[in-house]
Structures are given as C-alpha cells and as structure tokens.
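The values are calculated or read from the model by the stated rules, or taken from the named source; none is laboratory data. No experiment lies behind these values; they were computed from the predicted model shown. All Cβ positions, glycine included, derive from the backbone under ideal geometry; neighbour counts span all protein chains shown.
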Amino acid sequence: MKFYRVEVTNAERLGGYRVLRYAWSGPEPEPGQFVMARANGFPVTLDPFLARPLSFYDFADATASLLYEVRGRGTERLAAARPGDTVEVSAPLGVPFDLSDLAGARAALLGGGIGVAPFRFLSRRLLELGVAHDTYLGFADAELAGAAEGFPGARVATMDGSAGVRGTVLDAVEAAGGIGRYAALYACGPNPMLAAVKLAAPPQVRCQLSVEERMGCGNGSCNGCVVPVKDRGYVRSCVEGPVFEAEKLAW
Amino acid sequence: MKFYRVEVTNAERLGGYRVLRYAWSGPEPEPGQFVMARANGFPVTLDPFLARPLSFYDFADATASLLYEVRGRGTERLAAARPGDTVEVSAPLGVPFDLSDLAGARAALLGGGIGVAPFRFLSRRLLELGVAHDTYLGFADAELAGAAEGFPGARVATMDGSAGVRGTVLDAVEAAGGIGRYAALYACGPNPMLAAVKLAAPPQVRCQLSVEERMGCGNGSCNGCVVPVKDRGYVRSCVEGPVFEAEKLAW
Amino acid sequence: MVTVRYRPDGPATGADLAVELCGLTLHTPIIPASGTLSREAVGEARGVYGAILPKTTTPRPRDGNPTPRIAETYAGMVNSIGLQNPGVQAFMEGLSDFEVGVPLIVSVAGDTVEEFRDVVGRVASDGRVSAVEMNLSCPNVEHGGLTFCAGPGSVEEVVREARRETEKPLIVKLTFEGVVANAASAEAAGADAITAINTIPALTIDARAQRRLVRGGLSGPAIKPVALRAVYEVSRTVGIPVVASGGVVSGEDVAEFMLAGATAVQVGTASFVREPEEVLAEFERYLQEVGLSARELTGRVE
Amino acid sequence: MVTVRYRPDGPATGADLAVELCGLTLHTPIIPASGTLSREAVGEARGVYGAILPKTTTPRPRDGNPTPRIAETYAGMVNSIGLQNPGVQAFMEGLSDFEVGVPLIVSVAGDTVEEFRDVVGRVASDGRVSAVEMNLSCPNVEHGGLTFCAGPGSVEEVVREARRETEKPLIVKLTFEGVVANAASAEAAGADAITAINTIPALTIDARAQRRLVRGGLSGPAIKPVALRAVYEVSRTVGIPVVASGGVVSGEDVAEFMLAGATAVQVGTASFVREPEEVLAEFERYLQEVGLSARELTGRVE
Ligand SMILES: Cc1cc2nc3c(=O)[nH]c(=O)nc-3n(C[C@H](O)[C@H](O)[C@H](O)COP(=O)(O)OP(=O)(O)OC[C@H]3O[C@@H](n4cnc5c(N)ncnc54)[C@H](O)[C@@H]3O)c2cc1C
Ligand SMILES: Cc1cc2nc3c(=O)[nH]c(=O)nc-3n(C[C@H](O)[C@H](O)[C@H](O)COP(=O)(O)OP(=O)(O)OC[C@H]3O[C@@H](n4cnc5c(N)ncnc54)[C@H](O)[C@@H]3O)c2cc1C
Ligand SMILES: Cc1cc2nc3c(=O)[nH]c(=O)nc-3n(C[C@H](O)[C@H](O)[C@H](O)COP(=O)(O)O)c2cc1C
Ligand SMILES: Cc1cc2nc3c(=O)[nH]c(=O)nc-3n(C[C@H](O)[C@H](O)[C@H](O)COP(=O)(O)O)c2cc1C
Ligand code: FES
Ligand code: FES
C-alpha cells in the first residue's frame, strides 16, 4: 500500500475529539471514504505497526480533514502531530455513500459517537446536490457532544441527557418527527447502533450503513476486516465497504 | 535499567559530529564513564529497540554533554532532538579513567575519530587536579577534525593530511616529541588504534584504554559487551570497563 | 498529484535485479507472500514483483473465521483468516486478474493428501500457471489438529503425491517448526524449491476485556530473524532453491535473506504498511552500493 | 536527584500482588528471566521481583562465545552469549549477592543427563536455594547438535534423573518448538512447574559487511505473542504451574500472560530498556482498574 507523507496544516480539538487537516491534491475523496493514517517512522513506524482507518470528515479547497477520537496508541501518535509536522496517509479508500436516486428525496444522516465523522462531508455534498437532509448525532455526554459544532444544523442526543434529547440518535430522530419521513438513511457508529438503525428503518427506506472493523491493510489484501453478508459468507469492508446497503449485511 | 527523561538544553554540530547537552542533577559522572541514551517512546521506543552507549563529553554546571557521530538509527533519532525536547538516559555507568598516582606526572590523551569524546571532560578534570597533559586527536579528514574546536589546545592528525599532522594520532604524538615523555596514557578509539597505542606505549608508562563494544544493557546483565582479558576469558566492558589497563586486555 | 511523495527514491539505478527460480526468470527477486496481495492491489505493484502469488486456494470455497481475525503486536501482527477463499473453481475463473506479464505462482492447500493432489493437478494443468506453491501449514484433517508440517513423514507423503500431478515447478512452503528436516524430506519427495517460513503460531489477548483476541500466526518484522535463520539453515541443507518469507520490511532485509541463501524473497505484511516499490528501490540502491547483481547475493554469507 | 523521572507512576495502589508458586510465596509475580539480571543490578530491583533468578550456571566454568554476541532486531535482540558463567562452584560462593530477602531460584544446565543431575543436586542441597530451574535449551552433547528440548524423550530422561536429586521445586524451562509435548513429559517425569519459553532460534546478518552477525536466540517484545500462545497451550495441557517468559515489556503484558495461564511472569530483555519497577507499577494499576488480585488472573481467559 502506498502512503504519502503529508503536511499537517491544522490540528485542533473539537468537543472530546480532534481534527487534523492536511493538504491533499491526490484523487478526490468522496463522502464515506476513508484513509489509512499513521505517524511517521523509518522505514515505517513500529509504534504502532499498522496504520489506522479514519473517515474523511471533510474535503474542500484541496484540504482533507479527519475527525478522530484518541483511543489507543495509533490515534495518540496522530494527536501529537502539530501544524507543519508530517503524517502518513493513503489515498482515499473504500466504497463511498451512494448518492444516486436521491432526486426529491429527504435524507437523514445518523452518527453515533465518533461515527459522526463522515457526516460533515456528506452534508456538504448533499447541499451541493440540492438534496434536503437532516443530521442527527448521538453522544455519550455533553462534553463529547461539543463536536456537534462541526456539523451546522445538526440535532443532538446524549445518553445522559446533558445536551439535546436524552437517549440515542434514534431518539433524536423520533423527537424531530420520526424516521418515516425519510427516503434515505445514512448511518455510521458502533455496530449495535447500526443494527438498531437497520431495525428501525421502514422497509421502503433505503438504508446505508458504514461499518467499523479492525483493518490490517485497507486495500483488500489481508481479509482481516470482513463483515458477514447474506448468503455470501464474509466480505471485506475496506474494498466492498465500509458503506453497505443495510439489507445486505447478515446482522 | 532505570532511564531518566531529561530535557535537551542544547543540540548543535561540532565538525562532523553532534553535541547534545542536558540538565543532570543525578549522580555526578566521572571522565571515562558513559550513559545509555535513546529517543523517547512508549512504553519504550522500538525504533530502535536498545539504547546506545555514549561517553560523557563534558559535565559542568549540572549540565551533561555528549559528543556523537550519527552512524545508524539510534544516533539518528538522538540527532532529531531539539532544545526543549526530551531524550532518555541512564545514570552514569562504567569504570572511569583512574586518575590516582598522577602527582608530578605528565599525561597524554589520545583520541581517534569519535573516540575523542571523553577527552574534553578528562582534560577539564586533569586541569582541576593540576596534572600537566597534552591532548592528541586523530581524524579521517579536516571536516571531521572540525571537532577539535571542542578540545582547546589539542594537537590534530588527519589521515589525509588535510589538517594537522598527516597520519594517525600516534604520528601527532611523534611529531610533538614522542610518547616517551609521558608517565600516563589515556586512549579511546577504534580497536586497531587502541592496539597500536598499547604496542607503542613504553613498558614503564601506565596506559588506560577505553574500549568500544556493542552493548545490550549497560549494567552488566546481558554479557554482550565482553572483551577478552589475560587469563580470565571474557569480562564485561560496561561494568568492568569501558576503561581497562592496557596490559590486562588480551589484545 | 499529491503534496509530498513518501521517501522519494531518486532515479532507477540500473542494478541487475533478475534472478532465476526453477527455470523461471523473475525480473526482480521480490514476490508477494501468499495471502497479502489482493486482486484489487495487484496493479499497484506492477513492475515491482518478479512473480505474482495470490492467496492460497482450496478445493472448495471457505468462509474463513469470524472476526476479530487480526491483531497488532510489537512489530508484527497475528492473523487468523482461516484461508477464506472462493474455492479453486472460482479462483481459476478470476485468474486473469493476476496476469500482469510476470510468472504466476499459485498457492494451494487441502485438508487431505488426496485434496492436495487434486488441487495441485487442477491448477498446474492451466497454461497461465507457471508454478505451484503448496501451503503445508494447514491442518491435515486425517491427523487431528496437526498440520502437514508436523513432521517429515507427512511432508514426504503429500509432496510425493502432488509431484505425480505435474512437471511444473513445485514449491513447498513450510513453517518454522522442524523446517530443516521437513525441507529435506520435501526435496527427497521431489519438490523443486522450498519457501520458508509461514507465520509462527501465536496468540493475542485483550487484557482490558479479559478475552482472547486472535489465535493464529505471527508475521511482520518481529519474525524476521527467525525466518533468516530458517532460510540460512535450509539453504545449507537442501540442493534446491529457497524462497524467503518472513518479516521483510526494507530493501536491506531483502538483501540479508538473499545473502543467507534465498533465491527470491517474499514480502507479505510489510506491503500493508509500505509500498513494495520502495522496498525494491532500496534493494536496487543496495546492489549499486555493493556493486553486485541480485543473483550474486544468494548464499554469499558463510 | 535527577531532573525528570521517567513516567512517574503515582502512589502505590495497594493491589494484592502476591502469588504462590510451587509452595513458595512470591510477593509479586514478576521474576527476572535467567541471564538478564547481573549481580550488580540486583539491588536496583529490590521490591519489584517476587523471586530472584540468576544466569544459568553449569558444572564447569564457561568462557562463552566471542563477540559479536548481541544484535538488535525489529522489537527484539538476538543473543549468543554461550552460557558464560564462572561454574557452579564459584557461583555458589558468590550466591549471597543474590540474597535480597525473596526466594532464590537457581538456573542450571549441563552437557549430559549426568551433568544435569549433578548440578541440580549440588545447588538444591544449599539451604539458600528455594527452587531450581532447569534450562533445557542447551545442547545435549550425547545427541549431536540437538538440545534437551529436541523431544519428549530427552526431556523425560533428564527431568526424571534430576528429580531423584531433590525434593525442592524443580522448574523445567522449555523452548517454543514442541513445547506442549515437552511440557507434558516434563510433568510426567516429576517437574513441579514449566517455564515457557526460552529464546527462539534466530540469525542476524550485516548486509553492508556481508557477514553473519549473531546466530542465537531471539528475545524481546517481538516474541511476545509466540510466548503467549505457548503459555496458553501448556497451561491447558499440564496440571502444574506455568511461569511465562518471552517479550514482556509492560504491566499489561504481565497481565496478559497471567490471563493466559501463567502463575508468575519473567521479565528479561525488557529490563535492559526499562526499569522493572515501572512494569510492576503498571501491573498494579491494571489490577486496581479491573478490581482483581494477581492470583485471580491466572488462566482467567478461556
Ligand atoms: C472505515 C473506518 C472508518 C473509521 N473512521 C473513524 C473516524 O473518522 N474517526 C475515528 O476516531 N475513528 C474512526 N474509525 C475507528 C478507528 O479506526 C479506531 O478508533 C482506531 O483504529 C483506533 O486506533 P488506536 O491505535 O487509537 O487504538 P487501538 O490501541 O488500536 O485500539 C483501541 C481499542 O481496540 C481494541 N482492539 C485492538 N485490536 C482489536 C481487535 N483485533 N479486535 C477488536 N478490538 C481490538 C483494543 O483493545 C482497544 O480497546 C474508523 C474505522 C473504520 C474501519
Ligand atoms: C562505552 C562506549 C562509549 C561510547 N561513546 C561514544 C561517544 O561518546 N560518541 C559516539 O558517537 N559513539 C560512542 N560509542 C559508540 C556508539 O555507541 C555507537 O556508535 C552507537 O551505538 C551507534 O548506534 P547507531 O544506532 O547510530 O548505529 P547502529 O545502526 O546501531 O550501528 C552502526 C554500525 O554498527 C554495525 N553493527 C550493528 N550491530 C553490530 C554488532 N552486534 N556487532 C558489530 N557491529 C554491529 C552496523 O552494521 C552498523 O554499521 C561508544 C560506545 C561505547 C561502548
Ligand atoms: C493476513 C495474512 C494472510 C495470509 N494468508 C496466507 C495464505 O493464504 N497462504 C499462505 O501460504 N500464507 C499466508 N500468509 C503468510 C504469508 O504468506 C507469509 O508467509 C507470512 O506472513 C510471513 O511473511 P511476512 O512477515 O512478510 O508477512 C498470510 C499472512 C498474513 C499476514
Ligand atoms: C542476553 C540474554 C542472556 C540469556 N541467558 C539465559 C540463560 O543463561 N539461561 C536461560 O535459561 N535463559 C537465558 N536467556 C533467555 C531469557 O531468560 C528469556 O527466557 C528470554 O530472553 C525470553 O524472555 P524476554 O523476551 O523477556 O527476554 C537469556 C536471554 C538474553 C537476552
Ligand atoms: S483491511 Fe485488509 S482486507 Fe480489509
Ligand atoms: S552491555 Fe550488557 S553486560 Fe555489558
């Protein structure tokens, strides 16, 4: 896999998360795509050894943005990068959200936790396409919900009720009029949330889920990132996903 | 082995080498001692995995100095540290030069290549003790010989004759009046140079050699850094050296 | 175009990279390790690899294991993919994806000697296939939980049977345990080359969750010195060529394996974290510095 | 005092660290791995180790191998020290250097079954010695280049003979190859515990100098997942306790080995690059977070 050493142009906090921006003039990313990212090293860093998948939070003016949560060593090392430092990223990877057949439709964007990341970019694209949509974001608490600032107009739910609607992102949808009025759903978040969205989605609604699996390579080579699909065993979420039609997933 | 995270107060070039200074208020080093040093990491850096032995180039005003040559990854990573950054060092290690029985004697300090490192500190100490001494430094060429600036009053030889006397450090001694007038010799450099000094030293002259072996631990635990000694097989140069009486070494 | 190229390598050096493996000419000694280069990524590596070697195929399709299938370790990773593959029939139907103008080596495995023989025969009879690599690190169902690498006896038997099926080069891939004795018996049974080594049995545990994460095989730079030892010893034991596999990350690693005795060198896990092209460029620069051709390196170290 | 303490650890947590190993109470489960703690460094580690375990001693003094004896690898090192030691007589004369108020386990090896029996008897009869660790990863001169770990047969024989010499706990240290079968036969022959694993056979080459550097054993974080697999499987095979060795760097690593089935955990190479006290402090914090005592961890993962 090819990695590019890119310069960090901006590194800041957003709620409980972090934003990292870098100049990117390679292939243009699409909403729902991701990069494999990591700190520098020689010939590659061994700390940690593998790169980490992160979704595009935004892309505009030849600047890519990532929004991420510091969880372990991979994200900790990325968080240490300051403007002017370099980090290593792959080209955009994976199947983006499918935005076809949206004429006249109203879409809902549902993000849970750090799964909110792809929806700033998706919302920007839907605006460009003139597709009406609402963004719903679920967080654990008000501190994490501070990230909602990055999603203009989004409605928020928190599990502890400390900001927005108390409950999950689906409770926020309910409070705003229910899921029935949408012709398309886009969801990203922990697996239980995705399963709940799939369950809640009325049959006629097109529902796309962006799944999160551990990745080794990001380009389909290792077969590590699979998800179970109906009648076909496992498929690799890095090349056949991370965005899947909900009905295709065997969960 | 205990490592201390210390702040780099100064990092600069000296001829073909580099100087790194850090604040140190632990046990006071003696000339001829060394530290195990490395870049930061978590829980320890794996890039590279082992720390590197480096002699004290100087110690004054609670500031320790190292003089080093960038050879591989360990020294390359140290060289990336800027003032304000931290690096990890052990406490002072090893047997220093023995400075007893020097009353009225004249000493010669003989350094070859990066083996010159310990002699600024040793010279300072000898001055304090009022011991007359001359410092001779051998380098490959004038560029490397630029490091002689760090050794006030030292005489220089270069293999290519581009600075000082043409030849080895022993040629510089010869040119300055010969080795016979010294009662004590202190030498540090590549093994062939140390062997040559041992050979050249007249029988009545006390000759101490600081040897350079690959080290794993620096505290006597791994048995990796041994040198052959007369009648005793191998001894560990990190705890029984790095300074040895020349006649004890079986080479 | 992108802002900064990762470690720009400068111009090609013109070093002589070609090697000969079982009568095949490889324009570089670098081969992808089985299971680490997808059909989607083959294109990326055009020009780098001297041969292409896809993931092991088996007589019937295999779903593979549930996730988590991979876990990261110090300088390596543990995988337990479970030989997920579409089965030899679908594999051969899609084989053209792997045709990029260099020899195509196909990796096969089976649950029994019988299955091995059949799948070797099946792939070897295809004109597009230049050689077959037998992955013997898979369970031999007729012998409980043990793999075909469990001992020289099972290696001999399965290689001898497979040998009857084809005249094409038969490369036998072995794991570290018992590799020297196993290599000798593979040679005795008619193997044309040995690949050493496959992943090393390993386990990862999530201390926080207090659960087993992945029980599988360790690969990556962590295992390099173990693989180097295997290549060194096997190449001094057998008369057939040795293909190295295990932990290669840099061009210098490639050189070390060849110096130890390898004729060609596989790059596996490292291709997840680096571009193989960089590895080749480093190897070229190494050759230029030492003034040797690739084939002169093989076994050069005593 | 020094300017900045490396990773200051905060106050002790009061976690219950004690474990029981073959009737010995260790106040912490951490033990130095044989060959990685010198008499000079014993003091440094006061309070950290639950037992002290010096470098293997042999019937006669050994000079060890010429240098280079060590080489660095990705996340590890390869050593070929050659069991340099002053011989059991001088070793026992200097034994008091290792008496720091915790149980003293002495590691022994010999060239033959006979030698093993003698050296076990010799050290075990000393009142200061709490237990004996037999290092079976050394060459069995009566069987060519093979070590005593070559197979269950030689393990059985040497352990059975040694067993006759002492009632004190006899810990048998094994290498990775064949560890499960070897552990079972050590148990059958009367071993009281198994240490798994010793270093893994490995080689390093200097590509620039085109020469072999060190042919020896790989240790350090690189081998951790391999050791974890060995501990997991051995502890599920034998009924006696397992002592873990291989790649521990952090307190979480200690926890993982115990979760996998270890009763105590050795720290070797990591002690060259970290202070073992930090490893213990991390382990304590882990215990506090999960609300368990050290002994409750053993074998907790399915
Ligand atoms: C397509 C995709 C897009 C993503 N986009 C984003 C994004 O935009 N922003 C963002 O913050 N995150 C995103 N993620 C998640 C992100 O990749 C992880 O949070 C990140 O890899 C964590 O790395 P780390 O080194 O910080 O933590 P690690 O130390 O790698 O691990 C964190 C946790 O995972 C556990 N773990 C480790 N290995 C395994 C395993 N094999 N199986 C199960 N659990 C394991 C660890 O125990 C630990 O608790 C995305 C993931 C995918 C697949
Ligand atoms: C007591 C002592 C004091 C020292 N003082 C100084 C000092 O003050 N300044 C200074 O610059 N240096 C000093 N050195 C030498 C210094 O430790 C080395 O130059 C340093 O370790 C190189 O590390 P590196 O990572 O830069 O290079 P590395 O990449 O570790 O290695 C550089 C070279 O050594 C070779 N090599 C690697 N492993 C081995 C091995 N096992 N056996 C033989 N060769 C090997 C490599 O092939 C390579 O060519 C001292 C050494 C000792 C023992
Ligand atoms: C994700 C993954 C999948 C693998 N699949 C196979 C396989 O299908 N067949 C095979 O023979 N080896 C397989 N291997 C082993 C590699 O081919 C290689 O022998 C091993 O990983 C050591 O080399 P490396 O350290 O360069 O990765 C796989 C390795 C990895 C990491
Ligand atoms: C330098 C060195 C010397 C060693 N000497 C011995 C020894 O004398 N006896 C022994 O049983 N093991 C010896 N070992 C092996 C260690 O005890 C330990 O089992 C192995 O290194 C794996 O653990 P680690 O990764 O924590 O180091 C030695 C290891 C090293 C690195
Ligand atoms: S991450 Fe390797 S196949 Fe998807
Ligand atoms: S460096 Fe380990 S004993 Fe000297």
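Here residue C:236 passes the criteria (1) within 16 Å of ligand 4 (Cβ to nearest atom); (2) more than 23 Å from residue B:49 (Cα to Cα); (3) not polar (S, T, N, Q) except the one numbered (1). Filter the stretch C:40-68 down to the residues that are of a type in the set (A, V, I, L, M), part of a loop (DSSP other than H, G, I, E, B) and crowded, with 21+ Cβ neighbours inside 10 Å, then identify the one that is farthest from the other protein chains (Cβ to nearest Cβ). Result: C:51. Of the listed requirements (1) outside any helix (DSSP H, G or I); (2) in contact (Cβ under 8 Å) with a residue 60 or more places away in the chain, residue C:285 misses just one: (1). Scan the stretch D:281-291 residue by residue and report those that are over 14 Å from residue D:29 (Cα atoms) and aliphatic (A, V, I, L, M). Once the filter is applied, which keeps residues that are over 14 Å from residue D:29 (Cα atoms) and aliphatic (A, V, I, L, M), the stretch D:281-291 yields only D:290. If only residues of the stretch A:224-237 that are away from ligand 1 (no atom under 13 Å from the Cβ) and not β-branched (Val, Ile, Thr) are counted, the one that is nearest to residue C:32 (Cα to Cα) is A:234. Would you be able to say whether some residue in the stretch B:24-40 is part of a strand (DSSP E or B), modelled with pLDDT under 95 and within 14 Å of another protein chain (Cβ to nearest Cβ)? Yes, the stretch B:24-40 contains a residue that is part of a strand (DSSP E or B), modelled with pLDDT under 95 and within 14 Å of another protein chain (Cβ to nearest Cβ).
You will find that of C:282, C:296, C:233, the residue that is of a type in the set (D, E, K, R), more than 9 Å from chain D (Cβ to nearest Cβ) and either farther than 27 Å from residue C:38 by Cβ or crowded, with 24+ Cβ neighbours inside 10 Å (or both) is C:296 and no other. Applying a threshold of 6 Å to beta carbon distances and a minimum spacing of six or more residues, or different chains, the list of pairs starting in the stretch B:42-63 at a residue that is within 14 Å of chain A (Cβ to nearest Cβ) and ending at one that is assigned to a strand (DSSP E or B) reads B:48/D:72; B:49/D:72; B:50/D:72. Looking across D:99, D:114, D:133, D:72, one residue alone is within 21 Å of residue D:243 (Cβ to Cβ), among the charged types (D, E, K, R) and either within 14 Å of chain C (Cβ to nearest Cβ) or without any contact (Cβ under 8 Å) to a residue 60 or more places away in the chain (or both). It is D:99. Of all residues assigned to the stretch A:242-251, at least one qualifies as being outside the structural domain of residue A:112 (by the TED database) and surrounded by 23 or more Cβ atoms within 10 Å (Cβ to Cβ).
Is it the case that the stretch B:88-96 has a residue that's in contact with a Leu (Cβ under 8 Å, 6 or more places away or on another chain) and either in a strand (DSSP E or B) or within 13 Å of ligand 2 (Cβ to nearest atom) (or both)? There is no residue in the stretch B:88-96 that is in contact with a Leu (Cβ under 8 Å, 6 or more places away or on another chain) and either in a strand (DSSP E or B) or within 13 Å of ligand 2 (Cβ to nearest atom) (or both).
For the stretch D:84-95, the set of residues classified as surrounded by fewer than 20 Cβ atoms within 10 Å (Cβ to Cβ) and in contact (Cβ under 8 Å) with a residue 12 or more places away in the chain consists of D:86, D:87, D:90, D:92, D:94, D:95, listed by residue number. With respect to being within 23 Å of residue A:144 (Cβ to Cβ), of a type outside the set (Ser, Thr, Tyr) and outside any loop (DSSP other than H, G, I, E, B), residue A:76 fits the description. Among all residues of the stretch B:195-202, there is none that is within 16 Å of ligand 4 (Cβ to nearest atom) and at pLDDT 95 or above. Just checking, does the stretch C:96-110 include any residue being modelled with pLDDT of 95 or more, surrounded by 18 or more Cβ atoms within 10 Å (Cβ to Cβ), away from ligand 2 (no atom under 16 Å from the Cβ) and among the hydroxyl-bearing types (Ser, Thr, Tyr)? Within the stretch C:96-110, one or more residues are modelled with pLDDT of 95 or more, surrounded by 18 or more Cβ atoms within 10 Å (Cβ to Cβ), away from ligand 2 (no atom under 16 Å from the Cβ) and among the hydroxyl-bearing types (Ser, Thr, Tyr). When the residues of the stretch B:2-17 are filtered to those that are more than 11 Å from residue B:64 (Cα to Cα) and more than 7 Å from chain D (Cβ to nearest Cβ), the one that is surrounded by the fewest Cβ atoms within 10 Å (Cβ to Cβ) is B:12. Within the stretch B:214-222, at least one residue is surrounded by 19 or more Cβ atoms within 10 Å (Cβ to Cβ), over 19 Å from residue B:55 (Cβ atoms), within 14 Å of chain D (Cβ to nearest Cβ) and modelled with pLDDT of 95 or more. For the stretch B:21-31, state whether one or more residues are over 22 Å from residue B:125 (Cα atoms) and either of a type outside the set (Gly, Ala, Ser) or surrounded by fewer than 24 Cβ atoms within 10 Å (Cβ to Cβ) (or both). No, every residue in the stretch B:21-31 fails to be over 22 Å from residue B:125 (Cα atoms) and either of a type outside the set (Gly, Ala, Ser) or surrounded by fewer than 24 Cβ atoms within 10 Å (Cβ to Cβ) (or both). With respect to the conditions (1) more than 25 Å from residue C:224 (Cβ to Cβ); (2) away from every other protein chain (no Cβ under 11 Å); (3) out of contact with any Lys or Arg (no Cβ under 8 Å at 6 or more places or on another chain), residue D:174 falls short on a single one, namely (1). When the residues of the stretch C:201-214 are narrowed to those that are more than 7 Å from chain D (Cβ to nearest Cβ) and out of contact with any Asp or Glu (no Cβ under 6 Å at 6 or more places or on another chain), which ends up surrounded by the fewest Cβ atoms within 10 Å (Cβ to Cβ)? Across the stretch C:201-214, the extreme among qualifying residues is C:209.
Kindly evaluate residue B:138 against the criterion of being within 12 Å of residue B:112 (Cβ to Cβ) and not hydrophobic (A, V, I, L, M, F, W, C). Spelling it out, residue B:138 is indeed within 12 Å of residue B:112 (Cβ to Cβ) and not hydrophobic (A, V, I, L, M, F, W, C). Among the residues of the stretch D:164-183, those that are in contact with a Gly (Cβ under 8 Å, 6 or more places away or on another chain), surrounded by 19 or more Cβ atoms within 10 Å (Cβ to Cβ) and closer than 16 Å to residue D:239 by Cβ comprise D:169, D:170, D:182. Number of residues in the stretch C:259-271 that are under 15 Å from the mean Cα position of the chain (by Cα) and either assigned to a loop (DSSP other than H, G, I, E, B) or within 12 Å of another protein chain (Cβ to nearest Cβ) (or both) equals 6.
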